[in-house]
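Okay, so here's the structure we're looking at.
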Amino acid sequence: MSRPTVAGVARAAGVSVASVSRVLNGLPATEEMVERVQRAVQELGYVPDSRARSLKVGRTFQLTLAVADVGNPVYVTMMRAVEEVVSAAGYRLVVTTTGPDVVDEVALVRGMARGYADGLVISPLRVDDDLIKSIRECEVPVVVAGNVPASAGVDTVRANSPKGMRLAVEHLLAKGRRRIAFVNGPVDTVPGAARAKGFADAMKANKLKPVAAVEAVDFTFAAGREAGRELLDTLAGGNGGATGKSAAPDAVIAANDLLAVGIMHELAARDLAVPADVAVIGMDDSELAEQSFPPLTSVNLGSAERGRRAAELLLARIEDSTRTPRRIVVQPTLSVRRSTP
């Protein structure tokens with residue numbers, strides 16, 4: 001018995017071969033056409049030969065998204081946005097984790113030469129000259145969802161973290177908070193460096209100094225809990241060893257939502273109420289911000305928008321490799337919830 005073909009599906013569905021290809025590739029089509037093609041596919045038992053298609057057009061119709069930690073809610077949001085754009089263009093999305101080390105990021109970019117994907121969106125946690133060099137020399141198009149120097153000559157989409165920090169500081173000041181502390185992630189990372197500078201600039205612009213600043217070992221919940229412990233212990237030590245409300249800051253800004261929720265757990269463990277005693281603001285405005293208790297005020301850095309724009313840039317680069325590289329900046333907003341008064 002011969003294997004069903006696209007032409008056979010087209011005959012059974014009463015549509016053209018081109019129409020069948022559109023439906024199978026996930027391209028826009030009428031509901032009636034999609035229904036007819038899918039019914040014919042099921043009746044005939046047709047299975048697309050992706051390998052043959054790849055050989056015919058010289059593409060895998062597969063794209064890769066590489067992030068530091070697929071468990072981080074902000075990357076989940078970005079992934080969904082990228083997948084929505086690329087699937088509409090007929091591509092599958094493969095998501096991979098690079099981890100925090102730039103060596104692993106470089107290895108992944110260089111591994112794209114194996115030909116398992118037609119392009120890459122990478123959101124690097126750390127950037128060095130080797131990574132930039134590997135991106136420049138990559139055999140498939142690469143878009144960076146993050147901040148790399150303009151001299152890199154690649155398409156980039158990044159958040160405006162400094163403006164986001166200004167929004168957070170100004171919101172707290174408007175609520176009468178003055179004893180503001182900052183909990184960052186590792187400052188040798190792209191987001192850590194941007195948020196440290198943004199916080200320092202925002203405080204300076206308002207003629208304030210932070211009551212304390214702590215650098216967590218990572219951007220995780222556990223790291224946030226530990227950083228919260230360090231922050232409160234440090235302030236207690238500077239207050240003659242006192243604990244409780246007298247030693248606590250009246251507000252904490254965290255470099256992401258995971259850190260912020262970890263800090264809120266440590267505050268609760270010390271009988272400090274949020275926001276009555278200490279207001280807390282996170283960054284990223286991930287799903288976690290709404291799910292925490294109390295719901296977390298957070299700076300929305302446009303992770304979904306960054307994902308969409310990065311995917312669009314990658315598709316455009318695949319179609320025209322001679323395009324002038326674009327550098328897009330997505331502007332932040334503040335989502336106010338009950339963790340600030």
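When each of V211, V190, V217 is tested for being in contact with an Asp or Glu (Cβ under 9 Å, 6 or more places away or on another chain), farther than 20 Å from S339 by Cβ and not hydroxyl-bearing (S, T, Y), the lone residue that passes is V217. Give just the number: which of (1) part of a helix (DSSP H, G or I); (2) open to solvent by 50 Å² or more (accessible area, probe 1.4 Å); (3) modelled with pLDDT of 95 or more does T234 not satisfy? With respect to (1) part of a helix (DSSP H, G or I); (2) open to solvent by 50 Å² or more (accessible area, probe 1.4 Å); (3) modelled with pLDDT of 95 or more, T234 is out only on (3).
Within region 153-179, the set of residues being buried (at least 18 other Cβ atoms within 10 Å of the Cβ) and among the small types (G, A, S) comprises A159, S161, G164, A168.
For region 79-118, the set of residues classified as open to solvent by 60 Å² or more (accessible area, probe 1.4 Å), closer than 23 Å to G302 by Cβ and not in a helix (DSSP H, G or I) consists of T97, P100, listed by residue number.
The residue list G185, G153, G198 contains one member that is on the phi > 0 side of the Ramachandran plot and in contact (Cβ under 8 Å) with a residue 24 or more places away in the chain, which is G153.
How many residues are closer than 20 Å to F61 by Cα, in contact (Cβ under 8 Å) with a residue 12 or more places away in the chain and more than 19 Å from the chain's Cα centre (by Cα) if we restrict to region 103-134? Lay out the reasoning, then the answer.
Looking only at region 103-134, we keep the residues that are closer than 20 Å to F61 by Cα, and these are 108-122.
The next check asks that each one be in contact (Cβ under 8 Å) with a residue 12 or more places away in the chain; those that pass are 108-110, 112-113, 115-122.
Applying the additional criterion that residues be more than 19 Å from the chain's Cα centre (by Cα) yields 110, 112-113, 115-118.
The number of residues fulfilling the criteria is 7.
Remark: pairs (first residue in region 217-228, of a type in the set (D, E, K, R); second residue not in a loop (DSSP other than H, G, I, E, B); Cβ separation under 7 Å; 6+ apart in sequence or on different chains) = R225/G262; R225/H265; R225/E266.
Condition check: surrounded by 18 or more Cβ atoms within 10 Å (Cβ to Cβ), closer than 16 Å to E312 by Cα, touching a Gly at 6+ places or on another chain (Cβ under 9 Å) and touching a residue at least 60 places away in the same chain (Cβ under 8 Å). Does T64 satisfy that?
no
Of the helices (runs of 4 or more DSSP H) lying entirely inside region 254-341, those containing at least 3 residues that are within 20 Å of the chain's Cα centre (by Cα) and not aliphatic (A, V, I, L, M) are 287-291, 303-319. Here R178 qualifies as more than 20 Å from the chain's Cα centre (by Cα) and of a type in the set (K, R).
The values are calculated or read from the model by the stated rules, or taken from the named source; none is laboratory data. Values in this document were obtained by computation on a predicted structure and should not be read as measured data. Don't worry about glycine lacking a Cβ; one is built from the backbone with ideal geometry, like all the others, and counts go over all protein chains shown. The accessibility values were calculated without ligands, DNA or RNA, using every heavy atom of the protein model including side chains. Shrake-Rupley method; radii C 1.70, N 1.55, O 1.52, S 1.80 Å.
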